[in-house]
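Everything on this sheet refers to the single structure shown next.
The values are calculated or read from the model by the stated rules, or taken from the named source; none is laboratory data. Values in this document were obtained by computation on a predicted structure and should not be read as measured data. Ideal geometry is used to build each Cβ from the backbone, glycine not excepted, and the neighbour counts take in all protein chains shown. The area values use the complete protein model at the heavy-atom level, side chains included, leaving out ligands, DNA and RNA. Shrake-Rupley method; radii C 1.70, N 1.55, O 1.52, S 1.80 Å.
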Amino acid sequence: MAIGVGGSNKAAELAKLKDMTVGVAPIAEAEFAARVAKAQRRMREENIAAIYVNAGTSLYYFTGTRWWPSERMVGALIPASGPVTYIAPSFEISTINDYMCLKGEVRGWQEHENPYELFAEMLVEAGVAGKVGLDEACPFFLTDGLRKAAPDIDFIDGREVIAHCRMRKSDSELAILQRAKDMTLEVHKAAAAMLHEGITTTEVTAFIHDAHKRVGAPGGSFFCIVLFGEATAYPHGVKEPQTLKDGDMVLIDTGCDLLGYKSDITRTYVFGEASEKQRTVWNHEKAAQLRAFEAAQPGARCGDVDIAARSLLESFGYGPGYNVPGLPHRTGHGIGLDIHEWPYLVSSDDTKLAPGMCFSNEPMLCLYGEFGVRLEDHFYVTENGPKWFTEPSHSIDDPFGLNA
């Protein structure tokens with residue numbers, strides 16, 4: 001049996017877990033203001049008159065206002081110069097003001113009124129003309145409504161401003177992300193230790209949810225994928241739950257939310273003794289993850305990180321390309337307030353790596369009909385190169401490095 005896998009029980013492992021959130025500071029109001037100022041500088045550089053950020057993570061990123069999207073328009077107009085103005089249903093204004101961190105006027109619309117026409121009026125009042133960048137998370141009905149209400153405005157993809165700001169994390173963001181990932185890694189260790197033959201994936205998922213609460217994530221698991229045996233070959237799982245058997249590959253991919261920022265870590269190991277093939281594939285996966293990490297140097301293309309991992313796997317006989325047995329998806333994704341965000345470690349992404357960018361590193365190996373191996377850790381780019389948030393899995397015999 002691998003070190004740290006099995007041998008304990010649910011109650012004992014939950015009892016070991018403690019709140020890990022002490023000392024973690026939320027994003028301060030001054031940082032939200034600095035983010036708006038950065039966005040405004042970028043708008044002036046790109047000749048964009050304003051951006052609109054819709055309810056969701058981008059609204060929170062720039063204003064500290066936590067509000068989730070629905071069929072009712074809620075968001076903020078950020079002009080290239082001047083104050084931020086909010087738009088919301090009139091009956092929500094008091095609540096919006098309560099949730100708001102970066103203060104600003106809230107323009108309200110009654111239920112029978114057209115919010116897009118109100119937004120067009122707000123553009124005129126703010127002296128906005130020309131290009132207005134829209135949050136890429138805006139639903140079609142909102143984008144369509146705005147274009148009809150303000151036909152003289154050139155509505156464009158706001159990613160040039162929004163992603164530009166959000167891709168590079170501040171020290172405050174990195175600190176929150178670090179703690180979230182530390183929390184999830186401890187949950188992984190606990191989950192591995194309490195495994196026993198006959199336990200189901202459903203039971204493990206419930207345990208991980210409770211364990212995330214114990215380490216300080218109020219909502220428990222943000223997501224959780226638990227797979228045993230052949231099911232590990234399919235990146236996001238299969239429909240039916242599985243029951244653990246001796247010799248099964250175990251794949252657990254989970255994360256939590258801490259102050260809005262996400263963790264996302266995958267561990268794969270064998271319950272029982274690893275076969276020679278399981279051991280070989282596991283080691284190939286670990287080598288590909290390291291190759292991707294080494295390629296993630298400041299100034300390199302995001303796409304070249306994917307190419308580096310995929311090329312190594314092809315030299316081992318996998319692929320080519322996305323063919324299976326092999327790596328059927330990109331090597332990694334950005335992470336922050338969204339669990340998947342820009343930029344991406346995929347061969348077509350020409351974004352240059354820069355300090356503050358954060359990524360998953362998960363060049364999974366899938367052997368359909370047999371098993372799969374995904375080792376996923378996250379790193380961030382520094383001026384001197386990539387740095388792990390969490391140290392990668394040590395070995396198939398000691399996945400958590402407990403005896404290293």
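Among Phe222, Phe207, which is of a type in the set (Phe, Trp, Tyr), in contact (Cβ under 8 Å) with a residue 24 or more places away in the chain and either more than 30 Å from Ile51 (Cα to Cα) or open to solvent by less than 10 Å² (accessible area, probe 1.4 Å) (or both)? It is Phe207. Screening the candidates Gly317, Gly334 for the property of being under 30 Å from Tyr61 (Cβ atoms) and either under 20 Å from the mean Cα position of the chain (by Cα) or not hydroxyl-bearing (Ser, Thr, Tyr) (or both) yields one hit, Gly334. Of all the listed residues (Glu173, Glu136), the sole one being of a type in the set (Asp, Glu) and in contact (Cβ under 8 Å) with a residue 60 or more places away in the chain is Glu173.
In summary, no strands (runs of 3 or more DSSP E) completely within the range 331-387 bear 1 or more residues that are open to solvent by 10 Å² or more (accessible area, probe 1.4 Å) and free of Cβ contacts under 8 Å to residues at least 12 places away in the same chain. Among the residues of the range 84-101, just one is open to solvent by less than 20 Å² (accessible area, probe 1.4 Å) and either in contact with a His (Cβ under 7 Å, 6 or more places away or on another chain) or among the aromatic types (Phe, Trp, Tyr) (or both), namely Tyr86. Looking across the range 102-152, the residues that are under 18 Å from Gln40 (Cα atoms) and open to solvent by less than 30 Å² (accessible area, probe 1.4 Å) come down to Leu102, Gly104, Met122, Leu123, Val128, Val132, Gly133, Leu134, Asp135. Among the conditions (1) over 20 Å from Val74 (Cβ atoms); (2) open to solvent by less than 40 Å² (accessible area, probe 1.4 Å); (3) not in a helix (DSSP H, G or I), the only one that Ala192 does not satisfy is (3).
Filter the range 308-327 for residues that are open to solvent by less than 40 Å² (accessible area, probe 1.4 Å) and touching a residue at least 24 places away in the same chain (Cβ under 8 Å); which is nearest to Thr266 (Cα to Cα)? First the steps, then the outcome.
Going residue by residue through the range 308-327, those that are open to solvent by less than 40 Å² (accessible area, probe 1.4 Å) are 308-310, 312-313, 318-319, 321, 326-327.
Retained after the next criterion (residues that are touching a residue at least 24 places away in the same chain (Cβ under 8 Å)): 309-310, 312-313, 318, 326-327.
Details: Ala309: 17, Arg310: 19, Leu312: 21, Leu313: 19, Tyr318: 21, Gly326: 17, Leu327: 15 Å.
Of everything passing the filter in the range 308-327, Leu327 is nearest to Thr266 (Cα to Cα).
From the list Ile162, Ile176, Ile156, the one residue that fits, being open to solvent by 30 Å² or more (accessible area, probe 1.4 Å), of a type in the set (A, V, I, L, M) and modelled with pLDDT of 95 or more, is Ile156. The lone criterion from (1) out of contact with any helix residue (DSSP H, G or I) (no Cβ under 7 Å at 6 or more places or on another chain); (2) in a helix (DSSP H, G or I); (3) of a type in the set (Val, Ile, Thr); (4) more than 30 Å from Thr243 (Cβ to Cβ) left unmet by Val161 is number (1). Every listed requirement among (1) out of contact with any strand residue (DSSP E or B) (no Cβ under 9 Å at 6 or more places or on another chain); (2) over 18 Å from Gly4 (Cβ atoms) is met by Glu273 save one, (2). Tell me yes or no: at least one residue of the range 89-104 is touching a Leu at 6+ places or on another chain (Cβ under 8 Å) and of a type in the set (Phe, Trp, Tyr). No, the range 89-104 has no match at all.
The set of residues from the range 263-292 being open to solvent by less than 10 Å² (accessible area, probe 1.4 Å) and not in a loop (DSSP other than H, G, I, E, B) comprises Ile265, Thr266, Arg267, Thr268, Tyr269, Val270, Val281, Trp282, Glu285, Ala288, Gln289, Ala292. Note on the range 183-215: residues that are within 23 Å of Gly401 (Cβ to Cβ) and out of contact with any Cys (no Cβ under 7 Å at 6 or more places or on another chain) amount to 17.
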